[in-house]
Amino acid sequence: MSNLEIIYNTLKDQNIPDPLAKIMTSQAQLESANFTSNVFKTNKNAFGYKYVKQKIATQGLPAPKNEGGYYANYKNVSDSALELANYVKRRFKEKRFPPLETITSARQYADLLTNVGYHTSTRDSYVKGVEYYFNRLKDIVIKQSTPLLSIALIIAIFFLINKKR
């Protein structure tokens, strides 16, 4: 399964609605330089999340001096996505984000992240980056629950064959 699929499916499993799950998957592409950054490769950290002694991560690579601290190091990419899903849900509970199903554009989401101080980029730069990857991602079909569909199809074919005998 690709990093895009892992992240998207983890977000959907955490009840992050579409299109927000796709927007957040686009955010991972931006934050990880499309999954090529050293922080991503070394720490499986798709979102540039910092280490704050959270249970789901350990201390990873040092962050740039102007940011301070360390990046979070995850066991897998799914844990990185889980961390961000929980972050977004906390912002909603704090009433700093609207209901998640109402976040429907990359610009709206990037603006919300800017307003809560999530990133160190300029607002315009971050918005453009998330929009860029989101517009490319919209054309990609992310496979969800493919194994279950395949199994169901095989079972249905089996019963049809046996019914005719």
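The values are calculated or read from the model by the stated rules, or taken from the named source; none is laboratory data. These figures come from a predicted structure and were not determined experimentally. We place every Cβ from the backbone using ideal geometry, glycine too, and count neighbours over all the protein chains shown.
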**Prompt:** Out of all the residues in segment 73-112, which are at negative phi and assigned to a loop (DSSP other than H, G, I, E, B)?
**Reply:** Y74, K75, N76, E94, R96, F97, P98, P99, I103, T104, S105
**Message:** On the basis of being closer than 21 Å to D124 by Cβ and of a type in the set (K, R), does R91 make the cut?
**Reply:** no
**Residue, nearest to N43 (Cα to Cα), within segment 73-107, restricted to residues that are free of Cβ contacts under 8 Å to residues at least 60 places away in the same chain and touching a Phe, Trp or Tyr at 6+ places or on another chain (Cβ under 6 Å)** = E83
**Request:** Assess whether E31 counts as being charged (D, E, K, R) and touching a His at 6+ places or on another chain (Cβ under 9 Å).
**Result:** yes
**Complete:** Given (1) touching a helix residue (DSSP H, G or I) at 6+ places or on another chain (Cβ under 6 Å); (2) in a helix (DSSP H, G or I); (3) aromatic (F, W, Y), F40 misses just (1)
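Is there a residue in segment 147-162 that is in a loop (DSSP other than H, G, I, E, B), modelled with pLDDT under 95, out of contact with any Asp or Glu (no Cβ under 8 Å at 6 or more places or on another chain) and loosely packed, with under 14 Cβ neighbours inside 10 Å?
Applying the first criterion (in a loop (DSSP other than H, G, I, E, B)) to segment 147-162 yields none.
No, there is no match, as no residue in segment 147-162 is in a loop (DSSP other than H, G, I, E, B), modelled with pLDDT under 95, out of contact with any Asp or Glu (no Cβ under 8 Å at 6 or more places or on another chain) and loosely packed, with under 14 Cβ neighbours inside 10 Å.
Among the residues of segment 26-37 satisfying the criterion of being in a helix (DSSP H, G or I) and of a type in the set (S, T, N, Q), which is nearest to L84 (Cα to Cα)?
Within segment 26-37, the first condition is being in a helix (DSSP H, G or I), and the residues that meet it are 26-31.
In the following step, the residues that additionally are of a type in the set (S, T, N, Q) were identified as 26-27, 29.
Working: S26: 13, Q27: 10, Q29: 13 Å.
Within segment 26-37, the match that is nearest to L84 (Cα to Cα) is Q27.
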**Request:** Select from segment 93-126 the residues that are of a type in the set (D, E) and either crowded, with 17+ Cβ neighbours inside 10 Å or at pLDDT 95 or above (or both) and list them in ascending order.
**Result:** E94, E101
